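**Student:** Provided herewith is a single structure, encoded as structure tokens, for subsequent inquiry.
Each value in this text was obtained by applying a stated rule to the coordinates, not by laboratory testing. Since this is a predicted model, take the numbers as computed values, not measurements. Note that we place each Cβ from the backbone using ideal geometry, even for glycine, and neighbour counts take in every protein chain shown.
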Amino acid sequence: MIKDVVHKAKGRMEKVVEDLRRELAGVRTGRASISLLDHITVEYYGTPTPLNQVATLAVPEPTLITAQPWDASLLVAIEKAIRSSDLGLNPANDGKIIRIPIPPLTEERRKQLAKHVGKVLEDHRTAIRNIRRDENEVLKKMLKDKKISEDEEKDRLDDIQKLTDQFVAKVEELAKKKHEEILTV
């Protein structure tokens, strides 16, 4: 049961790292990537539906994404959803397919994106620390209820701290790579 606490903490921290990976994939770096459009939803028969579930997305060139809807009536809705996203993209609709050119990033936009990556990193660091706090409280309660000894509690607290340090380092490394990717012209 006591091992479950550390195991549970590790599983929750891994989910935080995966969430960061997904979130960073959606941050623009000047190269076309389908994951850029992951968070865009389109009204489809009154239901907000992810773009990749109503259209075929492709990257025919390094600076172009194409979206070909399965239902031609969605062209305008898809174009509107992309325009209203915070990505700063200007899609072009030719009646069959939507072409989304990826413009080069300006220095100002690079700095904004780098700042956004820093904020996302801090949110994920905080999430990892909150997991540590939650699991430490579980251990303290187990000690109070005399389910574990003080030595066991100390050992598990150390294990959880090591996990926390390890996962904070992972998220910092991911953010550092993305930061360099953004600032590289």
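**Student:** Can you tell me which residue within the stretch 124-153, out of those that are touching a Ser or Thr at 6+ places or on another chain (Cβ under 9 Å) and among the hydrophobic types (A, V, I, L, M, F, W, C), is nearest to Val171 (Cα to Cα)?
**Tutor:** Ile128
**Student:** State all residues of the stretch 41-78 that are under 12 Å from Ile97 (Cβ atoms) and β-branched (Val, Ile, Thr); if no residue qualifies, say none.
**Tutor:** Thr56, Ile65, Thr66, Ile78, listed by residue number.
**Student:** Return yes or no: is Thr63 touching a residue at least 24 places away in the same chain (Cβ under 8 Å), within 28 Å of Leu20 (Cβ to Cβ) and not aliphatic (A, V, I, L, M)?
**Tutor:** Here the answer is yes, as Thr63 does meet what is asked.
**Student:** Please give the number of the condition Ile148 fails out of (1) surrounded by 14 or more Cβ atoms within 10 Å (Cβ to Cβ); (2) part of a helix (DSSP H, G or I).
**Tutor:** (2) is the only condition that Ile148 fails.
**Student:** Next up: Would you mind finding the one in Val27, Val5, Val17 that is in contact (Cβ under 8 Å) with a residue 12 or more places away in the chain, of a type outside the set (Lys, Arg), at negative phi and touching a His at 6+ places or on another chain (Cβ under 7 Å)?
**Tutor:** Val27
**Student:** Got a sec? Which of Ser73, Ser33 is in contact with a helix residue (DSSP H, G or I) (Cβ under 9 Å, 6 or more places away or on another chain) and either free of Cβ contacts under 8 Å to residues at least 12 places away in the same chain or over 30 Å from Asn136 (Cβ atoms) (or both)?
**Tutor:** Among Ser73, Ser33, only Ser33 is in contact with a helix residue (DSSP H, G or I) (Cβ under 9 Å, 6 or more places away or on another chain) and either free of Cβ contacts under 8 Å to residues at least 12 places away in the same chain or over 30 Å from Asn136 (Cβ atoms) (or both).
Okay, residues lined up against (1) in contact (Cβ under 8 Å) with a residue 60 or more places away in the chain; (2) over 21 Å from Asp19 (Cβ atoms); (3) touching a helix residue (DSSP H, G or I) at 6+ places or on another chain (Cβ under 8 Å); (4) surrounded by 12 or more Cβ atoms within 10 Å (Cβ to Cβ):
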position: Arg125; (1), (2), (3), (4): no, no, yes, yes
position: Arg129; (1), (2), (3), (4): no, no, yes, yes
position: Arg132; (1), (2), (3), (4): yes, no, yes, yes
position: Val138; (1), (2), (3), (4): yes, yes, yes, yes
position: Lys154; (1), (2), (3), (4): no, yes, no, yes
position: Gln161; (1), (2), (3), (4): no, yes, yes, yes
position: Val171; (1), (2), (3), (4): yes, no, yes, yes
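**Student:** Another one. Is it true that Gly95 is surrounded by fewer than 17 Cβ atoms within 10 Å (Cβ to Cβ), in contact with a helix residue (DSSP H, G or I) (Cβ under 8 Å, 6 or more places away or on another chain) and not polar (S, T, N, Q)?
**Tutor:** yes
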